[in-house]
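*Asks:* Here it is, the structure in full.
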Amino acid sequence: MARYVVLTSDMPIGGQRARVMRDGFSVIALAFPLPWLLFNRLWIEALTVFLVMICIGMLVSQVPTIGISLSANLALGVLVGLEGERWAIAKAKRRGSREIGAVSEAGNQDEAELIAFHHYGTAPTPAEPKSMTANPAAPDGAGDIMLGRA
């Protein structure tokens, strides 16, 4: 079962933005480490993994053994699979988010969000819908909505 981290950040206009991010093993990151890092916009980590892949390729070209290349790339994939989500959380913290808690009893992202919003009270308040009716305090026809030219 994955752990979910609850992060908040201040909005420029006011209020707070809450995010619930998964912190656990990623099978997709294991299978495709470099595309996963690029998709999650972890540019520095992606560059590092790319350079390590190039070094692995250069070392294996000197000793042409398929087992060494396969095991080195698998180890790199396991590293990204285990730590990739944590790197994404660290990036959010570098950008100003604060960790306010964690949810570990949720089965999926939706459950984690519900639990976090209930427990930490970070649910966004819904905006009041603007009424499309006439203003009752205005004189007759002053608050009517007109489309087109009058």
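*Asks:* In nm, to one decimal, how far is the Arg19 label point from the Asp110 one, both placed 7 Å along Cα→Cβ?
*Replies:* 2.2
*Asks:* Shifting gears a bit: Amide H neighbours of Asp23 under 5 Å, counting only residues 5+ apart in sequence or on other chains, H built in-plane at 1.01 Å?
*Replies:* Amide H neighbours of Asp23: Arg3, Tyr4, Val5.
Read-outs: derived from the displayed coordinates by stated rules, not from any lab. All values derive from a computational prediction rather than experimental measurement. Positions of Cβ are backbone-derived with ideal geometry, glycine not excepted, and every protein chain shown enters the neighbour counts.
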